[in-house]
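A short write-up of the structure that comes next.
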Amino acid sequence: MSPQIVDLRSDTVTKPTAGMRAAMAAAEVGDDVYGEDPTVNDLQAYVADLFGHEAALYAPSGSMANQIALQLSVPRGSELLCDGDAHVVTYEIGAAAAIGGISTRTWPACGPDIDVDLVASLVRREGFGVPTRAIAVEQTHNQGGGGVIPFETLQRLRIIANDAGIGVHCDGARIWHAHVADGVALRSYGELFDTMSVCISKGLGAPVGSLVISSAEKIARARTLRKRMGGAMRQVGVLAAAGRYALDHHIDRLADDHARAHRLAEAFAPLGLVDPARVRTNVVMLDMTKHPLDAPGVVAAAKAEGVRVTAMAPRLVRMVTHLDLDDAAIDRAIEVLTPILSR
Ligand SMILES: Cc1ncc(COP(=O)(O)O)c(C=O)c1O
């Protein structure tokens, strides 16, 4: 029998559990383009309420949810301000510009450690060139090693946005992880943002799905934007049921994923590749700048022994813990990676 693959590439690789599959099979469905899928409608109302907002809209991916939200706040030809490593400007393949006509200006990539005064100085007011219409933050910060932006930083950004009369969007693909790590209530996060995207297929274990969250007026517009982008689906309650199951069963257990990520960090800290104090959630980044192996070299060596990790950059390796990895899988990853990383 071949040994089990330990897949640490992403928390998107999980398979639906038996309970989730049963919920999907039992879902009541209807045509969601007509607004007639009761399971989708329930999920949207439930998620909006979790964050204390008026409405939410189901979208097929986090990227689409982000791009819909950005188009709600940033009119064509105006500016979005965000981190240089934000998912919305790196991994969404130019969508803000190509689809939304949005001009993006970034502050130097800093993960969760946002310099609020710097952001304030970058906001461009009307009459001084392309006007800034929104600030985007990412909670947790993916490229920033799953870092959690402190709640106080977000409150200060909200004040800046209020002063400037602009919006704040949160890419909350992994906001559940921040909620579990810092104990900040989901509603408290919700109060700070005009628009949010939250994902039920990263870490929470649903096969598909994200939601855009905002006011009823903005979500009505979001329905049109989603349709335009080809994201309106029909009997999609089978997927929404998986999302609801994930929210009901898989939030609290994220603490286990965080503990397992911390174990990985502790194991590789003596090699000088990671500071465990920076590992707050389910992402572990290994800094390979001074190592004889580069990131693709680590990926290849680990893969040959059944452990999958990601090269995020030529000298940056990412490992992500999730629902489908138990303590034994983490033991195996440490056993395989330690000799590779000790070279
Ligand atoms: C922080 C963040 N935002 C958005 C997304 C986009 O999600 P999707 O892959 O569903 O488009 C991801 C994907 O991993 C992500 O990590």
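Taking first residues from region 254-272 that are over 19 Å from Thr289 (Cβ atoms) and modelled with pLDDT of 95 or more and partners that are open to solvent by 50 Å² or more (accessible area, probe 1.4 Å) and not in a helix (DSSP H, G or I), the Cβ contacts under 9 Å between residues at least 6 apart in sequence or on separate chains come to Asp256/Asp326; His258/Arg280; Arg260/Asp326; Ala261/Arg280; His262/Arg280. Cys110: buried (at least 22 other Cβ atoms within 10 Å of the Cβ) and within 16 Å of the ligand (Cβ to nearest atom), yes or no? No: the conditions fail for Cys110. If you go through region 221-240 and keep only what is closer than 15 Å to Leu43 by Cα and open to solvent by less than 10 Å² (accessible area, probe 1.4 Å), you end up with Val236, Gly237, Ala240.
Within region 60-104, the set of residues being free of Cβ contacts under 8 Å to residues at least 40 places away in the same chain, open to solvent by less than 40 Å² (accessible area, probe 1.4 Å) and touching a strand residue (DSSP E or B) at 6+ places or on another chain (Cβ under 7 Å) comprises Gly84, Ala96, Ile102. Residues in region 61-101 that are closer than 14 Å to Met229 by Cβ, assigned to a loop (DSSP other than H, G, I, E, B) and away from the ligand (no atom under 12 Å from the Cβ): Ile99, Gly100, Gly101. Could you tell me which of the residues Ala246, Ala240, Ala255 is touching a Phe, Trp or Tyr at 6+ places or on another chain (Cβ under 7 Å) and outside any strand (DSSP E or B)? None of the others qualify; the one that does is Ala240.
The residue list Ala185, Ala181 contains one member that is open to solvent by 10 Å² or more (accessible area, probe 1.4 Å), free of Cβ contacts under 8 Å to residues at least 40 places away in the same chain and in contact with a His (Cβ under 8 Å, 6 or more places away or on another chain), which is Ala185. Whenever a residue of region 201-219 is basic (Lys, Arg) and in a loop (DSSP other than H, G, I, E, B), its partners that are crowded, with 24+ Cβ neighbours inside 10 Å and at pLDDT 95 or above, lying with C-beta atoms within less than 7 angstrom and at least six residues away or across chains, give the pairs Lys202/Asp11; Lys202/Ala173; Lys202/Arg174.
The values are calculated or read from the model by the stated rules, or taken from the named source; none is laboratory data. Note that the coordinates shown come from a computational prediction; the quantities given were computed from them, not determined experimentally. FYI the Cβ positions are ideal-geometry reconstructions off the backbone, even for glycines, and counts take in every protein chain you see. Keep in mind that these areas ignore ligands, DNA and RNA; they rest on the heavy atoms of the full protein, side chains included. Shrake-Rupley method; radii C 1.70, N 1.55, O 1.52, S 1.80 Å.
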